[in-house]
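Below: one structure, written as C-alpha cells.
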Amino acid sequence: MSPRPPSARCLALRRRFLLGVWMLAGALLGIRAVELQVTQAAEWQAEADRQHRMQGEVAAPRGSILDRGGVPLALSHETFRVSLAPHELRDPAETRALLASVLGLSEEEAGRVVSSERRWIPLPGRFPPSVREQLRAARGVYVERELRRFHPRGPLARAVLGDVIDGQGAGGVEQAFDEHLQGTPGTETLARDSEGRAIPGETWLLAPSRSGGDVVLTLDWDLQEIAHEALRDAVETTQARGGDLLVTDPRTGEILAMASRSENGAAGLGSINTPYEPGSTLKPFTVAALLNHGKASMGDSVDTGEGRWSSQGRTITDVYPVGTVTLAEALQVSSNVGVAKAAGALAPSEQYEMLRDFGFGVPSGIQLTGETGGTLRHPARWSRQSAASLAIGYEIAVTPIQMAMAYGALANGGVLMEPRMIRELRDSEGEVIRSFEPRGVRRVVSEETAAEVNRALVQAVEEGTGTRAGLASFAVAGKSGTSRAHVSGGGYETGAYYSSFVGYFPAEDPQLVVFVKLDRPQGAYYGGATAAPVTRATMEAILAARRPPLDRHALATIARSQRIVPPPLTSPREPAQRVFTSAEVAPIAPTATFAAHSGPTEPSASQTARSGQPGVEVAVPDVRGLAPRVAARRLHAMGLSVIWEAPGAVSGSTPEVGSLVVPGDTIRLVSGPPGHGPPSPSGSSGDG
C-alpha cells in the first residue's frame, strides 16, 4: 500500500515556515550589517589600522661625556643597518646598481645578494645616515636606525667612562649617571602589509625623541694620555703585573687623570676598588699625628740603635742603621725603627682617629660606583703589635684614591678634600643644570703641622729616599713606599712587593699630586727606585704639555725666583724636647719580623746633572727635529720654562740655539719650516 501524499495544507505550512526562517535570517544579517557598518564602524576601523600599522619606539641619543675642556670622550653615534628581502624586489637589476653605488658593494656581491633564494638578508656593516634617504623608496630594501656608543679618543679612559649594554650604563660614569645620560624615547607609526612587513616610505613620526644630558668630567685628556703612557712604560720596564697612576689637584680634590692596569694588561678601576698595604707612604700621617696631638716635635730625637729594634721576640729593622736621628730625619730616611718608636707616644685612639680623619678605612666618596673603603680596624680589635705596624704602613689596607686625597690634605694645608670626578651636568640643550663645587670634608691637621711635614717630605726628595722624583725647576715633596704583597687566603707572597711613590709639586705652592703604584715589579722593587722615576717622568710630561691645568704664572714666578732652601728641619740652637728610646714604647708581642721596604736610593740623573741653579747661565740646547713634548722635557730638566703651540716637530727656538739664558727664563719652541715661527722676545716671560 503506497504512502499518502501530503496535503496541500501541509505544504503551505512548510513553505510559510521556510519563508519565515529565511526572513528572520535576513533580518539578523541586516541588523548585524548595520551594527558592523554603523554602530561598530569606528572600532573595526581602528582594528584594521592596528593590523596594518605598527607603533614603534624611536631611540633617544644618549648624552655625551666630555673632559674638563669640552673634549668629547663618549658620544652617541647614529648608524644604520641595511637588510634585503630579495623576493620583494621589483627590479633586481636596478636594486643591484643602487646597492653598489650607495653602499659601496662590488657588482658581484650586490648581484649575489639580490638573486639569493633567502627571504631575509642582513647586509654586513653599519652605514652613515645618508643611506636612509637614498634607499628609502627601494622596494624590498629595509633601513633600520641604530645608536651606538662611540669613543673618539680611543680606549685610554674606558674603565672610567664605562660601557653601554642594551641601552643601560655598565660601570664607570655611564652607570653612575645613567639616568641623566639616558634620553626620552620618541614614538612613530609604521605601515605594514598583510604579512606584517614594514612598507618602505610609510612611516609617521608621532613624537620626537629627546637626547640625554651631558656629563662634564674633571679629567684632562692630555694628562690622562700622559698618565696612561707613563704607567704603560713603567709596567713594561719593570715587568710589573700592573699598577695605578693618579693625578689630582690638592686644592679642589679634582681627579685630573686616573689610569689603572691589571695583570692581563686590561684597564680597570683599581684606583678605587683594589686596596693594598701602603708601607712607608703612611709614615707622614703617623708623624702628623704626633705633631698635631703635641706628642712630639720634628726636633725630638729617636734612638734607632743599629737599625734593629726587638721586643719579646719581635724585630723591626731598617735597611741600614742611622743611629740617633731627629723625628724629621727618621721620616726623611724612612726609618721604620725611628717612626715605630715615636708612634708609641700616641694613644691607640689618637692614632686611629688621625688615620680615619685622613680618610682611611672609609670610602672617599668619589662619584663612581664600586668603590671600597679599605681596611682600618678599630683599636678594640688591635693586637699588641698593631700600633707599631700601623705606624709604618702595615695592618691597614688603602686604595690609591684614598692615599692621593690624604697627601692632598698635607699639600693644601691640612684639609681633606672630597675627590671630584664630575664638574657639571648639562641638559640636552647644553645648559648647566648642576655644578659640583669643591668640598672640604674636614680639617685634619693644622696648617703649621702640614707645613712641618711638608718640609720633611721636600727633604725626603732632595736627600732621602725619593731623590729620583726630583725636578730641576721646582721643589717636590713626596714619600716612597714598599710593602709586601698579599696572597689570597692570607699571608704574604714570597719576593712580591708593591712599590709606590706619592709626590706633589711645586712644594712652595702645590698644584698637583701624583700617585704611582706598581704591582710586583721585577728586579729592583723599592718605591724610590721604581715608582719615584715614574712620578718624575709624569711631572715633566705635564709641564711639557701645551695646556696643562696649571697656574703657569705662579710656576714661572717660582722658576725665576731664587731656589729657596727649606728651613732646617730642626734648629741647632734648640735642644730636642725629648728622646724616644725603647723603654718609652710599649713592648711588642712576638710575631713575624718586619723589614723596612723604603731605603735610600742613588740620586737620579737629572739631579746629578742638574744645572738649574740660580744665576748660572746655560746655553739653549739644539732640540730641532724633536717632538715638542720631548724637547720641552729636556728644557725643563735644565730649569727653563717652555711655550709651544703647534704639535709638529720643532724647527727652531727663541732664543736661538746656543744663546745664554738663566734658569727660569722662557724658551718658545717653533714648529714647522725653519723661519716661519712667530716672533718672540728673548729672555724671561711671565707665562712659564
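We did not get these values from a lab; they are worked out from the coordinates using the rules stated. None of the values given here were measured: they were computed from a predicted structure. Note: ideal-geometry Cβ built from the backbone for every residue, glycine included; neighbour counts use all protein chains shown.
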For region 306-442, averaging the sequence separation of alpha carbon pairs under 8 Å that lie six or more residues apart and dividing by its residue count, the contact order in percent is 18
Share of Cα-Cα pairs in region 59-217 beyond 21 Å, whole percent, is 55
Burial-style ranking of 167-175, 17-25, average other-beta-carbon count within 10 Å with highest first, yields 167-175, 17-25
In units of 2.2 N^0.38 Å, the Cα radius of gyration of region 422-535 is 1.42
With x for Gly and Pro, the residue-by-residue ³J(HN,Hα) of region 369-374, computed from phi through the Karplus equation 6.51 cos²θ - 1.76 cosθ + 1.60 at θ = phi - 60° and given in whole Hz, is 7, x, 6, 10, x, x
From the Cα centre of region 71-100 to that of region 437-474, the distance in Å is 60
Karplus ³J(HN,Hα) for region 91-97 (6.51 cos²θ - 1.76 cosθ + 1.60, θ = phi - 60°; Hz, whole; x = Gly/Pro) runs 9, x, 5, 5, 5, 4, 5
Here, trypsin sites (Lys or Arg not before Pro) of region 118-147 satisfying both criteria (DSSP loop; at most 16 other Cβ within 10 Å) are 118, 119, 126, 136, 139
Contour minus Cα-Cα span, residue 153 to residue 107, at 0.36 nm per residue, comes to 13.0 nm
By the mean-Cβ-within-10 Å protection proxy, highest first, 413-421, 341-349, 88-96 rank as 413-421, 341-349, 88-96
Straight-line reach check, residue 341, cutoff 15 Å on alpha carbons, 8 or more apart in-chain or any other chain, hits among aspartates and glutamates -> 300, 303, 306, 318, 329, 584
Given unit charges at Cβ for Lys, Arg (+) and Asp, Glu (-), the dipole magnitude of region 509-552 about its Cα centre in debye, nearest 20, is 140
Once residue 13 and residue 315 are pulled to full extension, the length gained, defined as 0.36 nm per residue separation minus their Cα-Cα distance, is 96.2 nm
The alpha-carbon center of region 326-405 and that of region 218-237 are separated, in whole Å, by 28
Sorted by chain and then number, the residues having a modelled amide H within less than 5 Å of the amide H of residue 441, at least 5 places away or on another chain, are 416, 417, 418
Cβ-Cβ cut-off under 13 Å around residue 128, Lys and Arg +1, Asp and Glu -1: the net charge is +2
Neighbours of residue 501 by Cβ distance under 10 Å: Lys/Arg at +1, Asp/Glu at -1, summed charge +4
